[in-house]
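Undergrad: Here it is: the structure, laid out below.
The values are calculated or read from the model by the stated rules, or taken from the named source; none is laboratory data. Predicted model, so just to flag it, every value in this text is computed and none were measured. Note that each Cβ is placed from the backbone with ideal geometry, even for glycine, and that neighbours are counted across all protein chains shown. Keep in mind that these areas ignore ligands, DNA and RNA; they rest on the heavy atoms of the full protein, side chains included. Shrake-Rupley method; radii C 1.70, N 1.55, O 1.52, S 1.80 Å.
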Amino acid sequence: MGYYNRHLLVLLFLIGNSLWAKTITVCPDCKVKSIKEGIGIASDYDTLLIKKGTYKEFNLLVDKPMTLLGENFPVIDGEDRGEIIRVVSDNVTIDGLFIINVGTSYTTDYAAIRVVKSENFLIQNVVLEKLFFGIYLEKSNHGKVYHNKIVGDAVDEYNSGNGIQLWYSHHVEVDRNIVQGVRDGIYLEFSDHITINDNESTNNLRYGLHFMFSDDDVYTNNTFEKNGAGVAVMFSKRIRMVGNTFRQNWGTAAFGMLLKEINDAEIIGNTFEENTIGINIEGSNRITYRNNDFINNGWAVKVLGACYTNSFEHNNFLYNSFDISYNSKLNDNKFENNYWSNYTGYDLDKDGIGDVPYRPVKLFSYIVNRTPETIVLLRSLFMDIIDFSEKVSPVFTPDNLLDTLPLMKKAE
Amino acid sequence: MLKILKYSFYDLMRSRWSYVYFLFYLALGFVLLFLNQDLSKAVITLMNVIIVLVPLISTIFGVMYFYNSKEFTELLLAQPLKRTSIFLGQYLGVAGSLTLSLVLGLGIPFVLYGLFRSDAIWDFSLLLVTGAFLTMIFTALAFNIALSNENKIKGFGYAVLMWLFLAVIYDGLFLLSLIIFEEYPLDSFSLAATTFNPIDLSRTLILLKLDISALLGYTGAVFKSYFGTNLGLFVSLGMLVLWTILPVWRLAYKSKRKDF
Amino acid sequence: MIEIENLHKKFGKNQVLSHLDLHINEGGIFAVLGPNGSGKTTLIKSILGMVVPNKGNLTVLGASVRKNWKYRQEIDYLPQIANFPGNLKVRELIRMIKDLRQKPSREQELITLFGLEPFLDKKLATLSGGTKQKVNIVLTFMFDSPLIILDEPTTGLDPASLIKLKELILQEKGKGKTILITTHIMQFVEEMADKIVYLLEGNIYFKGTIDELMAKTEQSDFEHAIAAISTHTTNA
């Protein structure tokens, strides 16, 4: 609440300011020919209107509250010489620029736009191409990264950077961005109270979204598709993940989502489709999985190591090669009222709930964990027979791992 | 040959068994769709049916037809006809009518339930193509067994054993060997082993469609290029063609040398 | 018409034909006789190409039988057990055989002769043995081929049909055709055959007319003469 109020104040302040703030026009034929020059002569709260054209500039330092506004996407070409824009002042807006050729370095994380220790920033409608790091927020709070398009051409992880990176930054909104072809689409480290909505992070080398040591964050309605390894959420607490789509993350260590040392999270209404592993869970506790759809994944949920008191309710498990895989005989997680397309039971009392419990862990998933080559025997009659006998009397799989109340129809 | 094919086919089209087979598939298709109302799920269930039942039915039907048409065959042998034409004609007649029963029996209910408007159409078509291949292969194998065994009971026995071996026992041995030798790199071996069994080959083809997400999770580079590119598809289809041609070729070869 | 030289055939360990030489001229009725297992059927099937000989030459109408099938265009064959594909109707079977051979045929005449009209639209599986044999006869005689081979033609026939069959055979003989018959009915042989080919243990034991046979065995009765051959050989 306070957060929004503060925003409103900032906005009013800006509008008020604009009454006496002036606009400086920059264009190749104008009096002010370069952006650097423009920034230099601008006063606080001025707007630098950058007209269409190509500006070969880098190391632009924005050290006063002001607006950099591009008209018809002027191009700022860094010619691979280093960082392009560095913001070190509060209340800076960057809008409508096309930035290309950020310098690549093995020692310095050059970014197209870096915000350092500043507040109330707004970066929007910016297009970044041929970049190293895209938008880098460093110890900067209460800002917004909105509707930007970041298109990288990363080939190797060691010499590529992240699209949007947040480091020790809190209360930031990252909305409606499109990030592709970088190392990590969106990367968060030590950043709390972040909201990430409606972004599209696709075809990135490593993760579409990557959390490390960041708590109380929310991400909703994002799409993560065809990323090298999917989305990784690690060492973080109280994350809410709602309505996101994780699709076609294929490969040996690929998953829709990786949860590692995550506690007290909520995963609701997400869609995991055609991933090698839908969700890979390691050492994560007290997580609620509700109303998610797991469709056509290799493994819908793979549980490794100790995971306690998680609950899976009202999820749809549709046509996955394996629904749940465990690597131990212990189970402390609850599965209830899920819909399993592999369920073959019946519902004689017509209450919409199957009369026989469903066992989501197959013996074959154990065998595949042990000897991965056996995957080629998937769906063979022999395996069906073996799975059936395990179902009748569990020897290798946790015998209390069952959905005692499986739904007969898909959960809405 | 075409004439024989025509008459065998004609003969089969009026035989009760073709209809039983056709109606079986028709009923299966309708029941599956009626119970599920979901094309994707029905396709998965159908896969199991196709991999297990199609070979069994083709085997039994093939052996049965061969023994039952012994007199007809002898009648034809005395006619001015090439031997290979007679046998290949009969083979194609049986395999063709079985395939037709399969395709129509399953196709009609699925089309009525809106297959053309569904994205399951490719999975379904692949299923039918695989089913057709399995029919051709197992009918040919059955004909070979029947041709080599005068004794009906023995022929039936061998045919059913062959089915049992390829459908179940082979995979059991396969799994066992994978587990015993798990210390060694096994990806090439496991891929090769699938190609020596037409049922496994067909399964691979279907896995490529239904379970590609899981298949791509395995580390081996050979696996990756096999399943990740079109290589797996082409190799499997090629091997299926080979599996069809070889028994048919042996049928033609043996039939030329057999006494009646 | 048929030249056989040094024909050998073995089924497993069982030597059925060995060193068999046979020369059959054009024209006339030849009865191929012999005890059970003497190789009659094997000989006929060798001529038809259904049995592949181990050794020896076999030419029919000047063409070698081996790996050849076109010569069968000139042969009409009546198989021993007429078990036809049961799902076909009589009419369809006749049409099919005609279709396969692509020769002028006179099935209508024969159908009338044997009174088969009521059965034309019945499935073969529903016919009695005798009727099936009549269908079999129609199928054999409806074409005009120079060589006719009949394997037990009398099986299941009623006396009236038997007479008609005999007339038919004589008619064909009259056209100068060569007719090979195997049968166990000696009376039929005596009545019909011009020459007898007697097979024993895979070889031709005797070939000649009935009179020659009777002279050789010093019997006045044909049936006794045949019996005499058997006993003679078993004694020898």
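Undergrad: Go over the candidates B:206, B:245 one by one and state the one that is open to solvent by 10 Å² or more (accessible area, probe 1.4 Å) and part of a helix (DSSP H, G or I).
TA: After applying the criteria, what remains is B:245.
Undergrad: When the residues of the stretch A:299-327 are narrowed to those that are under 16 Å from residue A:370 (Cα atoms) and of a type outside the set (Val, Ile, Thr), which ends up most open to solvent (accessible area, probe 1.4 Å)?
TA: A:327
Residue-by-condition table, conditions (1) modelled with pLDDT under 95; (2) of a type outside the set (Gly, Ala, Ser); (3) in contact with a Ser or Thr (Cβ under 9 Å, 6 or more places away or on another chain); (4) surrounded by fewer than 19 Cβ atoms within 10 Å (Cβ to Cβ):
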position	(1), (2), (3), (4)
A:87	no, yes, yes, no
A:94	no, yes, yes, no
A:136	no, yes, no, no
A:156	yes, yes, no, yes
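Undergrad: Among the residues of the stretch B:19-31, is there at least one that is within 14 Å of chain C (Cβ to nearest Cβ) and part of a loop (DSSP other than H, G, I, E, B)?
TA: No.
Undergrad: Just need a number here: residues in the stretch A:300-336 that are under 28 Å from the mean Cα position of the chain (by Cα) and in a loop (DSSP other than H, G, I, E, B).
TA: Selection size over the stretch A:300-336: 9.
Undergrad: Can we say residue B:240 is more than 14 Å from chain A (Cβ to nearest Cβ) and open to solvent by 10 Å² or more (accessible area, probe 1.4 Å)?
TA: In short, no.
Undergrad: Ok, one more. Only one of (1) charged (D, E, K, R); (2) in contact with a Lys or Arg (Cβ under 7 Å, 6 or more places away or on another chain); (3) over 20 Å from residue A:126 (Cα atoms) is not met by residue A:173, so which one is it?
TA: Going through (1) charged (D, E, K, R); (2) in contact with a Lys or Arg (Cβ under 7 Å, 6 or more places away or on another chain); (3) over 20 Å from residue A:126 (Cα atoms) one by one, residue A:173 breaks only (3).
Undergrad: Please go through the stretch A:339-384 and pick out each residue that is more than 8 Å from every other protein chain (Cβ to nearest Cβ), of a type in the set (A, V, I, L, M, F, W, C) and in contact with a Leu (Cβ under 6 Å, 6 or more places away or on another chain).
TA: A:353, A:361
Undergrad: Anything in the stretch C:43-64 that is within 17 Å of the chain's Cα centre (by Cα) and either within 8 Å of another protein chain (Cβ to nearest Cβ) or in a loop (DSSP other than H, G, I, E, B) (or both)? List them, or say none.
TA: C:45, C:48, C:49, C:50, C:51, C:61 - these are the residues of the stretch C:43-64 that are within 17 Å of the chain's Cα centre (by Cα) and either within 8 Å of another protein chain (Cβ to nearest Cβ) or in a loop (DSSP other than H, G, I, E, B) (or both).
Undergrad: Oh, and also: So in the stretch C:96-135, with the set limited to residues that are open to solvent by 50 Å² or more (accessible area, probe 1.4 Å) and at the interface with chain B (Cβ under 10 Å from one of its Cβ atoms), which one is nearest to residue C:70 (Cα to Cα)?
TA: It comes out as C:102.
Undergrad: Can you say whether residue C:148 is in contact with a strand residue (DSSP E or B) (Cβ under 6 Å, 6 or more places away or on another chain), open to solvent by less than 30 Å² (accessible area, probe 1.4 Å) and modelled with pLDDT of 90 or more, as far as the supplied structure shows?
TA: yes
Undergrad: Quick one: residue B:78 ticks every box in (1) open to solvent by 10 Å² or more (accessible area, probe 1.4 Å); (2) closer than 24 Å to residue C:87 by Cα except a single one, so which number is it?
TA: Among (1) open to solvent by 10 Å² or more (accessible area, probe 1.4 Å); (2) closer than 24 Å to residue C:87 by Cα, the lone unmet condition for residue B:78 is (1).
Undergrad: Just wondering, is there one or more residues in the stretch B:190-202 that are touching a Lys or Arg at 6+ places or on another chain (Cβ under 9 Å), modelled with pLDDT of 85 or more, surrounded by fewer than 19 Cβ atoms within 10 Å (Cβ to Cβ) and within 13 Å of chain A (Cβ to nearest Cβ)?
TA: no
Undergrad: List every residue pair whose Cβ atoms lie under 7 Å apart, where the two residues are 6 or more positions apart in sequence or sit on different chains, the first residue falls within the stretch B:24-46 and is on the phi < 0 side of the Ramachandran plot, and the second residue, located anywhere, is assigned to a helix (DSSP H, G or I) and of a type in the set (D, E, K, R).
TA: Short answer, once both residue conditions are applied: B:43/B:123.
Undergrad: Within the stretch B:158-166, identify whether any single residue is closer than 30 Å to residue C:45 by Cα and crowded, with 21+ Cβ neighbours inside 10 Å, and answer yes or no.
TA: Yes, the conditions are met somewhere in the stretch B:158-166.
Undergrad: Residue pairs, Cβ under 7 Å, 6 or more apart or interchain, first in the stretch C:105-116 and among the aliphatic types (A, V, I, L, M), second surrounded by fewer than 20 Cβ atoms within 10 Å (Cβ to Cβ). List them.
TA: C:111/C:117; C:113/C:164
Undergrad: Restricting to the stretch A:344-392, count the residues that are in a helix (DSSP H, G or I) and open to solvent by 30 Å² or more (accessible area, probe 1.4 Å).
TA: 13
Undergrad: Now for a different question. Residue check: is residue B:73 more than 9 Å from every other protein chain (Cβ to nearest Cβ), over 27 Å from residue B:205 (Cα atoms) and open to solvent by less than 60 Å² (accessible area, probe 1.4 Å)?
TA: Yes, satisfied.
Undergrad: Report, by residue number, each residue of the stretch A:23-58 that is farther than 17 Å from residue A:75 by Cα and hydrophobic (A, V, I, L, M, F, W, C).
TA: A:24, A:41, A:42
Undergrad: Take the residues in the stretch A:87-118 that are in a loop (DSSP other than H, G, I, E, B) and among the acidic types (Asp, Glu); name whichever of them is nearest to residue A:171 (Cα to Cα).
TA: That would be A:90.
Undergrad: Of the residues that sit in the stretch C:75-91 and are within 8 Å of another protein chain (Cβ to nearest Cβ) and not in a loop (DSSP other than H, G, I, E, B), which one is surrounded by the most Cβ atoms within 10 Å (Cβ to Cβ)?
TA: In this case the residue turns out to be C:77.
Undergrad: So which residues in the stretch A:130-171 are in a loop (DSSP other than H, G, I, E, B), of a type outside the set (Lys, Arg), more than 16 Å from the chain's Cα centre (by Cα) and more than 13 Å from residue A:119 (Cα to Cα)?
TA: A:131, A:132, A:152, A:153, A:154, A:155, A:156, A:157, A:158, A:159, A:160
Undergrad: Counting only residues that are open to solvent by 10 Å² or more (accessible area, probe 1.4 Å) and under 15 Å from residue A:258 (Cβ atoms), how many does the stretch A:281-298 have?
TA: Qualifying residue count, the stretch A:281-298: 2.
Undergrad: Got a number for residues in the stretch B:209-237 being in a loop (DSSP other than H, G, I, E, B), open to solvent by 40 Å² or more (accessible area, probe 1.4 Å) and within 14 Å of chain A (Cβ to nearest Cβ)?
TA: Going through the stretch B:209-237 one residue at a time, the tally reaches 2.
Undergrad: When you check residue A:273 against the structure, is it open to solvent by 10 Å² or more (accessible area, probe 1.4 Å), more than 15 Å from the chain's Cα centre (by Cα) and within 23 Å of residue A:398 (Cβ to Cβ), yes or no?
TA: no
Undergrad: If you check every pair at least six apart or on different chains, which have Cβ atoms under 9 Å apart with a residue in the stretch A:240-253 that is closer than 12 Å to residue A:273 by Cβ first and a residue that is basic (Lys, Arg) second?
TA: Between residues of the stretch A:240-253 that are closer than 12 Å to residue A:273 by Cβ and residues that are basic (Lys, Arg), the close pairs are A:247/A:226; A:248/A:226; A:249/A:226; A:250/A:226.
Undergrad: Sticking with this structure for a sec: For residue B:127, which of the numbered conditions (1) crowded, with 18+ Cβ neighbours inside 10 Å; (2) touching a Phe, Trp or Tyr at 6+ places or on another chain (Cβ under 9 Å); (3) closer than 23 Å to residue B:91 by Cα; (4) more than 10 Å from every other protein chain (Cβ to nearest Cβ) fails to hold?
TA: Among (1) crowded, with 18+ Cβ neighbours inside 10 Å; (2) touching a Phe, Trp or Tyr at 6+ places or on another chain (Cβ under 9 Å); (3) closer than 23 Å to residue B:91 by Cα; (4) more than 10 Å from every other protein chain (Cβ to nearest Cβ), the lone unmet condition for residue B:127 is (2).
Undergrad: For residue C:221, which of the numbered conditions (1) open to solvent by less than 70 Å² (accessible area, probe 1.4 Å); (2) modelled with pLDDT of 85 or more; (3) among the acidic types (Asp, Glu) fails to hold?
TA: (2)
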